[in-house]
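Readers should treat all values here as calculations from the given coordinates under stated rules, not as data from a laboratory. Being a predicted model, the structure only gives us computed values, none of them experimental. Here the Cβ positions follow ideal geometry from the backbone for every residue, glycine too, while neighbour counts run over all protein chains shown.
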Amino acid sequence: MIFFIALLLYSSVIYADIVPPIKIDGIKFQITPSMGKQYGSNVFYSFEEFNLNKEQVVIFSGSNDIENIIGRITGGKQSLIDGEIRSEIVNANLYLMNPYGFSFGPNAVLDIQGSIYLTTASKIYLGDRGFFDANPEKASVLISAAPVDFGFLDDAGSIEFEQSNLSVRTGNTLSISAANISLDGSQLNAEDAGRIDLAAINNIVLKNNSNIDAGKVKTGNIYIRAGKFILDNSNILANSETQNGGIIDIQANNLIMNKSSIESQTFGPGKAGTIIVNVAQKAILDQQSQISSSSLNRGIGGDAGSIFINANEFELINSNINTSSNSSLANAGNIYINSNILALDDATISTNAETAQGGNIILSARKCFKMNSSELSATVKGGIGNGGNLAIGNPSLFNIQDSKIFANASGGDGGFILIISDSDISRGNQITASSETGRVGDIKIDDIYNIDISTLPIEFFIDDKLVIKQDCSIINDTQSELSTFVVTGRGGLSNAPDDLQTYIPNINY
């Protein structure tokens, strides 16, 4: 079976060509196009082994009409790279393919002027009809079309980084694709406006303070695809000092974060970036982990970004998800979480603004929503900005214990809190939509069949002028046990959709 990463496939075999093998020898080894095969802007090389110790340097050279350096390693062993790979060809991209994998050490250097693609694929596809096979005994179709795709076999190898620090230059891509990818105390960097792609058939693991970083003065984007994605005391960063923050887009079957962070933040006038996390099965954030899209400039800063999370099951344990803005002119971002099961334990989800508009929090949990000693906050600290809006949608099981839900403001209006559930709200919780000097916000807790979507304004929330037809306060003989919220309901309204999925907007990449 062959796995494909990308969208384009090759067609029929036209002809085969033979690329002679190169043996790397000596401390400083020069590789020229005459040692391989050149077709148009592509030059193809074949190596039986590609191992470099810390003293060794491999240098690719050639004319500036070369756009793609494409190499395969055919010896059936993992490549051990602890030296330098350099290209003197202006803006040329480097493709290295070894189905048995790569291991990069602490002294490894990738000094390439273009983008870098490291893969354990068995084939590199060229345009719509060419390909370069990793097996020299099989035919290849070498043409001038640029690489578009990788094809993987079931037994593809892994790519490992041990205490490595590798980067691509401004505006270029660092692409890693393998059966498994691991970073141990390592850094992968894409300088200003660059891009990092990680794609693994099975697992991607970052541990021991490893970082994937696509930002500095300007920021780039990060895309991750994995069976299981594990962050252990490590970070994913797409921050910017002057421009808008980058996109972080993660898709996995399972996500585990321990003492780790996913951040797209700005420290200047730009807007913080968008974070998208799609998990087919279970996502767990534990041990003070964080997902954050924030604007941290206290001067003229941009708005915070938005966070979109989709998971079948999502647990937030002693961790937080936040969009915040420190500038007086910057609005907080929005947070959308869509899950069958959503559980918070000693956790926080917040959209906080300094003085501008608060952000919205929309949580759609169809089967189960649990909060224990946790906090949901869509607040504005000062100024005249309105508090954010907050909605929790129609879980079959709804349980809140010793928790807080806030949509507060200072000089602006309090936000709106909507909880759609036919379950009782337990005591010992605080739910407020207050304002120090502005209008107090609304809190509505109701069964799904009493919520009419047509009454919801822009931003998916009910207008504060809506008249509530019924009012029922929770009363108990022991007044000290009362929660600080009012339960209200509306009768005689049309049925609404099943849950808050209706209110969650489409994600625009």
Just want to confirm a number: the relative contact order over segment 277-351, from Cα pairs under 8 angstrom separated by 6+ residues, in percent.
35
Compare the peptides 311-317, 433-439, 72-78, 172-178 by average per-residue count of other Cβ atoms within 10 angstrom and give them in order, highest first.
172-178, 311-317, 72-78, 433-439
Name the residues whose placed amide hydrogens come within less than 5 Å of the amide hydrogen of Gln430, ignoring near sequence neighbours (fewer than 5 apart) on the same chain.
Ser403, Lys404, Ile405
Treat each spin label as a single point 7 Å out from the Cα along the C-beta direction, and report the Ala280 to Ser34 distance in nm.
5.1
Excluding residues fewer than 8 positions from Lys218 in its own chain, the lysines with Cα under 18 Å of it are Lys271
Check Ala283: other-chain or 5+ apart residues with amide H under 5 Å from its amide H, H built from backbone geometry?
Leu255, Glu313, Phe314, Glu315
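Counting alpha carbon pairs within less than 8 Å and at least 6 residues apart, what relative contact order, in whole percent, applies to segment 79-224? Show your work: numbers first, answer last.
Details: 425 pairs, mean separation 28.2, N = 146.
Answer for segment 79-224 is 19 percent.
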Using 0.36 nm per residue of separation minus the Cα-Cα distance, give me the extension gain between Ile18 and Asn312 in nm, one decimal.
100.9 nm
Suppose each label sits 7 Å from its Cα in the direction of the beta carbon; what would the Asn135-Glu436 distance come out to in nanometres?
7.2
Under Karplus coefficients 6.51, -1.76 and 1.60, residue-wise ³J(HN,Hα) of segment 269-285 in Hz, glycine/proline x:
x, x, 8, 5, x, 9, 10, 10, 10, 10, 10, 5, 10, 10, 10, 10, 10
Taking the Cβ of Asn235 as the center, what net charge do the other residues with Cβ under 13 Å away carry, scoring Lys and Arg +1 and Asp and Glu -1?
-1
Under a point spin-label approximation (7 Å from Cα along Cα-to-Cβ), what is the Asn340-Asn253 distance to one decimal in nm?
1.5
From phi via Karplus (6.51, -1.76, 1.60), per-residue ³J(HN,Hα) for segment 401-415 in Hz, x at Gly/Pro
10, 6, 10, 10, 10, 10, 9, 9, 9, 9, x, x, 7, x, x
Multiplying the sequence separation of Thr170 and Asp128 by 0.36 nm and subtracting their Cα-Cα distance, what value in nm do you get?
12.2 nm
Over segment 152-217, calculate the relative contact order: mean separation of alpha carbon pairs under 8 Å at least 6 apart, over the residue count, as a percent.
33
Full-extension gain in nm, Asn208 to Lys77, via 0.36 nm per residue minus C-alpha separation
44.5 nm
Going by average Cβ density within 10 Å per residue, which order do the peptides 237-246, 143-152 take, highest to lowest?
237-246, 143-152
Amide hydrogen neighbours beyond the local backbone of Phe398, cut-off 5 Å, H modeled:
Phe369
Please identify which residues in segment 364-379 have an amide N closer than 20 Å to a label point set 7 Å out from the Cα of Asp402, following the Cα→Cβ vector.
369-377
